[in-house]
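In what follows, a structure is listed as structure tokens, so that the remarks can point back to it.
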Amino acid sequence: MTIRVLIADDQDIVRTGLTMLLNAQPDIEVVGAATDGRQAVAMARQLRPDVCLFDVRMPLMDGIDATRELAGPGVTDPMPIVVITTFDLDEYVHGALKAGARGFLLKDAGPALLTQAIHAAADGDALIAPSVTVRLLTAFARLQKRPSAQPMEPLTSREEQVLLTVAQGRTNSEIAADLHISPSTVKTHLASLMRKLGARNRVELAMWAHETGRT
């Protein structure tokens, strides 16, 4: 099954490079390329790609605001979005993930990590650049001013285990191997965790785990 990707970056050379790199993958097709955030939002709503790959710094509307328009709180059918940037700044990472992004990468991440992030987002997983993951989530938890909401229902011991592995950045297949359960069972636990914690995606599950001191 081909993953349809929309790219948004204001630099021609970056758009061209990302398009060539992703189109070289056997199961990824770039279906559009936007030059600014407003165009990215319009194209995303028209094309309904499987994954959006947005730069942070763009004219008219930046990548974080574009992400919020397509995947933020209140969006009934949020799109999978991976944010990519040259700048390793906490404020960008926090902003992107709070806006609903399913991944955050630096542009020097390399082709393998980029394609892995695209696949993860398409599968409902999330991937954050390993160089910023622990620092990001620790800082985000420290910056929280309000107490973390309690679960709508108590978590089971297995759900606690799954939650911890999600906070460690593990993918569904890795969680299944670690806990000796099937991938479909992992998805069932994730769906239950999102319902109980009011989370929209696994990034928010990881944030909740860090906020409540489970990691």
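The values are calculated or read from the model by the stated rules, or taken from the named source; none is laboratory data. All values reported here derive from a predicted model rather than from experimental measurement. Neighbour counts are summed over all protein chains in view; Cβ atoms, including those assigned to glycine, are modelled from backbone coordinates with ideal geometry. These area figures cover heavy atoms from the full protein model, side chains too; ligands, DNA and RNA do not enter into them. Shrake-Rupley method; radii C 1.70, N 1.55, O 1.52, S 1.80 Å.
Residue by residue, here is whether (1) under 18 Å from Gly198 (Cβ atoms); (2) over 17 Å from the mean Cα position of the chain (by Cα); (3) open to solvent by 10 Å² or more (accessible area, probe 1.4 Å); (4) at pLDDT 75 or above holds:
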| position | (1), (2), (3), (4) |
| --- | --- |
| Asp90 | no, no, yes, no |
| Ala96 | no, no, no, yes |
| Gly100 | yes, no, no, yes |
| Arg146 | yes, yes, yes, no |
| Arg170 | no, no, yes, yes |
| Ile175 | no, yes, no, yes |
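Are any of the residues in the stretch 28-51 part of a strand (DSSP E or B) and within 16 Å of the chain's Cα centre (by Cα)? For the stretch 28-51, residues part of a strand (DSSP E or B) and within 16 Å of the chain's Cα centre (by Cα): present. Reported count of residues in the stretch 12-34, each being closer than 14 Å to Met58 by Cα, modelled with pLDDT under 95 and surrounded by 15 or more Cβ atoms within 10 Å (Cβ to Cβ), is 2. Pairs meeting the criteria (first residue in the stretch 23-49 and assigned by the TED database to the domain that holds Ile13, second residue aromatic (Phe, Trp, Tyr), beta carbons under 8 Å, at least 6 apart or on different chains) are Gly37/Phe54; Ala40/Phe54.
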